[in-house]
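The values are calculated or read from the model by the stated rules, or taken from the named source; none is laboratory data. This is a predicted model, so every value here is computed, not measured. As a convention, Cβ positions derive from the backbone with ideal geometry for all residues, glycine included, and neighbour counts pool all protein chains shown. In case anyone asks, the SASA skips ligands and DNA or RNA and just uses the protein heavy atoms, side chains included. Shrake-Rupley method; radii C 1.70, N 1.55, O 1.52, S 1.80 Å.
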Amino acid sequence: MTGTDIDTGNATGRADTVPLLETEGLTVRYHRGRRRPALTAVHGVGLTVGRGETVALVGESGSGKSSVGNAVLGLTPVDSGSIRFDGEDITRADPRRRRALTAQIQAVFQDPYGSLNPVRTIGQSLVEPLLAHRRPDAGAPRDQVAAALERVGLPAGAADRYPAHFSGGQRQRIAIARALIVRPRLIVCDEPTSALDLSIQAQVINLLNRVQRDLGVSYLFITHDLALIRHIAHRVVVLYGGHVMEAGPTEQVCDRPRHPYAQALLAAAPVPDPEEQAVRRSGRPSRGTAGAGAGSAGPAVGCPFAPRCPYAAEPCRRIRPPLESVDGGQLACLRYPEIAEPSAVRGPGSRQPEEIPHADARPLP
Amino acid sequence: MVREAIRWLLSSLVLLFVVTVLTFVLVAMAPGDAAKAILNARSGGYTPQQYQEMRRMLGLDQSLPVQYWHWLDHLLHGSMGTDLFNGQSVTQALGSRIGPSLSVIVATLVVSGLVGVALGIVSALRGGVLGRLVDVVSLGGLAIPNFWLALVLVELFAVRLAAFPATGYTPFGTDPVQWLRGLVLPVLTLSAGAVAFIAKQTRDAMSDVLSQEFVTMLRARGLSTRSVVLKHALRNAAIPVVTLLGLLLVSLLGGTVVVEDIFAIPGLGQQAMTASASHDLPMIEGVAFLFTVVVVVTNLVVDVSYRLLNPKVRAS
Amino acid sequence: MTAIITSPETVQETGPAAPAPGRPWRGLLRQPLGLLSAGYLLLLVVVAAAGTLLTPRDPEADDLAHTLSGPSGAHWLGTDRLGRDVFSRLMVGSRPTLLGVAEAVLVFVVLGVALGMVAGFAGGRTDRLIARLGDLVLAVPGIIALLMVLAVFPDNNAAAMIAFGLISSPSLLRVVRAVTMAVRNELYVKAARLSGLSTPAILRRHILPRLAGPVIVQVSLFAASAVLAETALSFLGLATPETQGPSWGNMVGEAASVISVDPWLLVPTGGMLVVTVLALGLLGDTVHDLTVGRARGSAVRPVRRPRPAVRTAVAVAAADVAAAVADGAPTEQGAAAPLLSVRGLTIAFPSPEGEVTVVRGVGFDVARGECVGIVGESGCGKTVTARSLVGLLPGGGRVVAGSVAFDGRDLADPAGREVARLRGSRIGLISQEPMSGLDPSFRVGSQLAEVVRRHHRLTRRQSRARALELLALVELPDPASVARSHPHELSGGMAQRVSIALALAGEPDLLIADEPTTALDVTVQAEILNLLRSLRVRTGMAVVLVTHDWGVLADLCERAVVMYAGEVVEQAPVSDLYHAPRHPYTLALLAANPHLAAVGQELPAIPGTVPPPSAWPAGCHFQPRCGYATEECGAGAIPLVTVAGGHQARCIHVDRLEAAR
């Protein structure tokens, strides 16, 4: 398996420097005891994140998106491939180096309730990164904590209270403050808003965008929500079964997805508009293979999406599609030339409803 | 399945080996030995020659590994040696003593299993006063020392009321009614703590299961309370309770020592005590071996029923 | 995955009065029994340490003139067969027992905590090795080990108790290992590691504090059993025999020898033991309740007896409720009576501060075959409302006021008999977590067949066949193999199809779907939504869909009820709701939706957070976060007003909202 790289996107325009984060042929395997075969969660994923840029990793459960994030954070050992941070190979950094790297790479997780120790005050939690990384110029820890809280819109007095006093959205702000306190250059955001309500999600997304504008931090933004990506990411990488299916600028992937999986993902998310949703519904493939969710390991050969793909043909089940550059982005689909239609905004939905075979009429797999 | 069986067999053999070797080493380390004990018992004194002679006769002059090897060799041929004091075969001696001990243990297990589980279920369902009552009973049951309880029971039911025999054991074959009457007080003694233990654990397991989402959903589907509690909830709560019954059985091995001492029941516990006091190595080894086999078999039974009850374990 | 506040625990969590967690010591002060036990044990330690300094009489002084005297002024607990003072002897006799227990506990704690933490934190091979070793030690018959040790060290109490600690330590090891493992996998430990903390710092800051509670519980239980073991050995004459001075165990032995003459001696000796063991047990229970037991809370009890309608804490809200009931819900449902009609539904949950109302004056109708969505954010009360329709409120919640009429029957009666009859047969329920809604121990086919048999007079064979039909109805590709599966063998989507099949087994007229797709992937969600739509067409059943996802609502529902902080704020046909929302909350929420918001600008967020039920503001609940709010909004209860046909909003600024559009 060869690593496949995505063009070095660079939002800040400093194209002369190396990208902040670069993975090449990243492969992550989970060993599940001696008796069961190892599960390959990530297959040769290559991606880059530029300085001050947000790259979204999109996929469903089992797509390997969180494994990529964990590998970058050093929480999961890498099987093969490499991860470079600011030009330095950190794939197999020793624990000492890893601890030093935490001053540069931080994380915000999905669950705002689990990410703070319930028996420690907010101040005690926020001060932890400072214990490991003393920055002589930054002043007393207490002032730094207060400043970090202020940056995320919380009063300095919050430092003396316990997590139980805060709502989910407030806790997520606190988690962001903790990530920011050491002034990292990259933050891995693993579904930071999917446990939050819509109105709170908007607050957190706005906060993340504002922080990026002010501090120039980069985000690797892991999510399953295509609609959200438009509001945060510069570029998008779509994963399925551990493979990159499609990558490119946000507008392109979110508005005109070319890979059948990206199209299906877009079509599956219901929109909050009954009339538009009725149109989209009539167009979405009435049925995938029930049960064979994205979480299943997928076939050993061929395109991982082939078993659920409405366009799959015989070669798709035999040949693993290579990730190729296709105007402005990258795509791994053997059938692309045939399914590329200018009006493919809604994917297969551009066909007339009556052409879609009814669920019960389709042969069961 | 075959792999599991092999693994169980291997770990059982390791355990048996460790226990019997340790027993050998500890007995050898103990001050005094069987030769002295026998000579003292026979004539109240001995000459060094007599002592050496006795040691040679008993095979105590050989090195420890050689002694162990002899014992193991005999064991593989179905013999555990003879009692150093009366020359009775250890296998026979243990065989005659296994009945009384097993009667006490199994009866206690049945009583505490039935009463404990029933009490646990009721208190999990009702809570309130009854729940607190089970709390009190279980705390009390665990707090009362069994040797003390045995004395009180003897004083009350054997001495004052003369309802049950205070001591002794009648084999089931000789007189089933006497057998049962003789068991009442020992079993009552051991059950007090056991019932308390099982009731509390069943209550916790049941409360845990009853608060799970699937119980709400079973009710939402219109199933009767009877089916929800006695079929679905109990089946799931049984998984931890079975493990606890296994633990209880193993701990009852220790309980028999006390109970057999007080009620003068000629069982394995009594044998273990006299043998260890007199350095009777073959007998000690025999008891240790038998107890370990009981533990190993109990663990197997627990493991198998755990697999039968829990489909997730069964699958892997 | 959005957390939906349904349980009072969650409500409390965000409440301002939440106590500082993790300080069991302070909690201990509030538990009289636990405090008493701790005090007694402390006193015992002092007495044992002081030895003869505190005894009223010489414990060894014979007085053959007063043997077995029974309690008296001179001898509070009487004298033994040599006339020695029992009380003094009990005081001195505590020493060998306490010393032995201390030795055993020391070994128990050192081995258990150290090895357990190493095993739990290191994991992998180290963990397996330590676990094996623990299993091996646990399998050694304890009594044999003790007898052997006592054979090597005759009459040596310390040796026996150290051995006892050693052979018992695997049980603590297991507990410590499990807790360490659980904490190691907590997100906050991951975050601490990513903060750059070293392993020793993580152990010290995050893991040790969490171990304190469980370890204290285990130690007090173990100490109780050590007291019993030590005294039993002494009683049997195997350790601390009488020649070594009095001990609790050999004093019981002495009492036994004179039992036929004077049974009294059994009372003080046994009583001392019982009280001590009891104190240790109570201390353990108290710490357990303060650390772990609290989280478990009270179980849902299937047997729920009717309670008299208490109107205490809710009385304040009564006036508001009355107003809400009066304006009720839409009446323009045509001539046909609705299938379900909810009026003035008010639900309260118990809390330490008294009953808290979490849903107030909710009213709506559902016509036959209609799909009505209840939409709102966490804590708005939508799930509680839905669960109350089937009479399955969690954690002691109850309907305090209002009515639920289903096809002419009142389902809100406190005894819940009516609703119990209809559950499963005329009203079905599917829930958010498909997997946890299935009994893990039974095969899918047998669970389904049981429900079928409950609602239809069928033979076993017929009900099995019907179960397969139902699995085919929910479009599972291979019904026979699904029927043979256990729930853990299913994917999330398949499990949700199975729950739908289970809900359909009684052929209900109304299906209550509580966030049926929230836990699923988008593509699987689309399949389940398609299935629900086609089932509606085929069976003609009505659906109440609870959701927080406005897209799901748009996909499936004809009419929607918008809830905010326990109240209905708006209800309308979905098309009207999306294109002409009449409540500022609906308007703001739609604007915050990333599907609809303009790209490249700030997402329009709603400031602040949803207030917990204990802190609802006066008047309009949304008013503190609302851009249209004026002083009148907080003045009093806001009525639900009809703004157009079938469209209602709980807002006094409907006109300004209209003008702003």
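At-a-glance table
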| item | result |
| --- | --- |
| Options C:ILE652, C:ILE638; residue that is in a loop (DSSP other than H, G, I, E, B), in contact with a helix residue (DSSP H, G or I) (Cβ under 8 Å, 6 or more places away or on another chain) and farther than 27 Å from A:VAL204 by Cα | C:ILE652 |
| From B:VAL177, B:VAL159, B:VAL209, B:VAL195, residue being closer than 24 Å to B:SER251 by Cα and among the β-branched types (Val, Ile, Thr) | B:VAL195 |
| Any hit, region C:572-585, residues being hydroxyl-bearing (Ser, Thr, Tyr) and within 36 Å of the chain's Cα centre (by Cα) | yes |
| Members of region B:1-30 found to be closer than 30 Å to B:ARG56 by Cα, more than 7 Å from chain C (Cβ to nearest Cβ) and either assigned to a loop (DSSP other than H, G, I, E, B) or aromatic (Phe, Trp, Tyr) (or both), listed by number | B:PHE17, B:PHE24 |
| Residue among C:ALA160, C:ALA104 that alone is within 30 Å of C:THR52 (Cα to Cα), in contact with a Gly (Cβ under 6 Å, 6 or more places away or on another chain), modelled with pLDDT of 90 or more and part of a helix (DSSP H, G or I) | C:ALA104 |
| Single unsatisfied condition, C:GLU567 versus (1) buried (at least 24 other Cβ atoms within 10 Å of the Cβ); (2) touching a residue at least 60 places away in the same chain (Cβ under 8 Å); (3) touching a strand residue (DSSP E or B) at 6+ places or on another chain (Cβ under 7 Å); (4) assigned by TED's automatic domain parsing to the domain that holds C:GLY646 | (4) |
| Helices (runs of 4 or more DSSP H) wholly inside region C:174-237 containing at least 2 residues that are in contact with a helix residue (DSSP H, G or I) (Cβ under 8 Å, 6 or more places away or on another chain) and more than 14 Å from chain A (Cβ to nearest Cβ) | C:208-235 |
| Residue, nearest to B:GLY87 (Cα to Cα), within region B:246-275, restricted to residues that are free of Cβ contacts under 8 Å to residues at least 60 places away in the same chain and crowded, with 23+ Cβ neighbours inside 10 Å | B:ALA275 |
| Answer residue from region C:622-638, given it is away from chain A (no Cβ under 14 Å) and surrounded by 15 or more Cβ atoms within 10 Å (Cβ to Cβ) and is nearest to C:PHE349 (Cα to Cα) among those | C:ALA637 |
| Residue count, region B:213-245 (criterion: of a type in the set (Gly, Ala, Ser) and either away from every other protein chain (no Cβ under 11 Å) or open to solvent by 30 Å² or more (accessible area, probe 1.4 Å) (or both)) | 1 |
| Test: residue in region C:250-262 that is at pLDDT below 90, in contact with a Lys or Arg (Cβ under 9 Å, 6 or more places away or on another chain) and within 14 Å of chain A (Cβ to nearest Cβ) | no |
| Among residues of region C:74-107, those that are over 23 Å from C:VAL275 (Cα atoms) and open to solvent by 50 Å² or more (accessible area, probe 1.4 Å), counted | 3 |
| Check on B:SER123, over 30 Å from B:PHE172 (Cα atoms) and either surrounded by 22 or more Cβ atoms within 10 Å (Cβ to Cβ) or among the polar types (S, T, N, Q) (or both) | yes |
| Enumeration of residues in region A:213-258 that are over 10 Å from the mean Cα position of the chain (by Cα), in a strand (DSSP E or B) and among the hydroxyl-bearing types (Ser, Thr, Tyr) | A:SER218, A:TYR240 |
| Residue in region B:36-47 that is loosely packed, with under 15 Cβ neighbours inside 10 Å, modelled with pLDDT under 85 and within 14 Å of chain C (Cβ to nearest Cβ) present | no |
| Total residues in region A:76-103, condition part of a helix (DSSP H, G or I) and open to solvent by 40 Å² or more (accessible area, probe 1.4 Å) | 5 |
| The listed residue being open to solvent by 10 Å² or more (accessible area, probe 1.4 Å) and either more than 22 Å from C:ARG210 (Cβ to Cβ) or not hydrophobic (A, V, I, L, M, F, W, C) (or both), out of A:GLN170, A:GLN106 | A:GLN170 |
| Unique match (being in a helix (DSSP H, G or I) and in contact with a strand residue (DSSP E or B) (Cβ under 6 Å, 6 or more places away or on another chain)) among C:LEU589, C:LEU577 | C:LEU577 |
| Some residue of region B:273-289 being under 28 Å from B:ALA199 (Cβ atoms), part of a helix (DSSP H, G or I) and either in contact with a helix residue (DSSP H, G or I) (Cβ under 9 Å, 6 or more places away or on another chain) or in the same structural domain as B:ALA34 (by TED's automatic domain parsing) (or both) | no |
| Any hit, region B:272-289, residues being at pLDDT 90 or above and aliphatic (A, V, I, L, M) | no |
| Any hit, region C:115-133, residues being within 10 Å of another protein chain (Cβ to nearest Cβ), open to solvent by 30 Å² or more (accessible area, probe 1.4 Å) and aromatic (Phe, Trp, Tyr) | no |
| Breaking point among (1) in the same structural domain as C:SER257 (by TED's automatic domain parsing); (2) in contact with a Lys or Arg (Cβ under 8 Å, 6 or more places away or on another chain); (3) open to solvent by 50 Å² or more (accessible area, probe 1.4 Å), for C:LEU111 | (2) |
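Here's the yes/no breakdown for (1) in contact with a Phe, Trp or Tyr (Cβ under 8 Å, 6 or more places away or on another chain); (2) free of Cβ contacts under 8 Å to residues at least 60 places away in the same chain; (3) open to solvent by 50 Å² or more (accessible area, probe 1.4 Å); (4) more than 7 Å from every other protein chain (Cβ to nearest Cβ):
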| residue | (1), (2), (3), (4) |
| --- | --- |
| B:LEU130 | no, yes, yes, yes |
| B:LEU133 | no, yes, yes, yes |
| B:ILE144 | no, yes, yes, no |
| B:PHE147 | yes, no, no, no |
| B:ALA150 | yes, no, no, yes |
| B:ARG160 | no, yes, yes, yes |
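Okay, residues lined up against (1) more than 26 Å from C:ALA449 (Cα to Cα); (2) within 14 Å of chain B (Cβ to nearest Cβ); (3) touching a His at 6+ places or on another chain (Cβ under 9 Å); (4) of a type in the set (Val, Ile, Thr):
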| position | (1), (2), (3), (4) |
| --- | --- |
| C:LYS382 | yes, no, yes, no |
| C:ARG398 | yes, no, no, no |
| C:ALA420 | no, yes, no, no |
| C:ARG426 | no, yes, no, no |
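A quick yes/no check of all residues on (1) open to solvent by 10 Å² or more (accessible area, probe 1.4 Å); (2) of a type in the set (S, T, N, Q):
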{"position": "C:ALA192", "(1), (2)": "no, no"}
{"position": "C:SER195", "(1), (2)": "no, yes"}
{"position": "C:LEU203", "(1), (2)": "yes, no"}
{"position": "C:PRO209", "(1), (2)": "yes, no"}
{"position": "C:GLY213", "(1), (2)": "no, no"}
{"position": "C:ILE216", "(1), (2)": "yes, no"}
{"position": "C:GLU230", "(1), (2)": "no, no"}
{"position": "C:GLY245", "(1), (2)": "yes, no"}
{"position": "C:GLY253", "(1), (2)": "yes, no"}
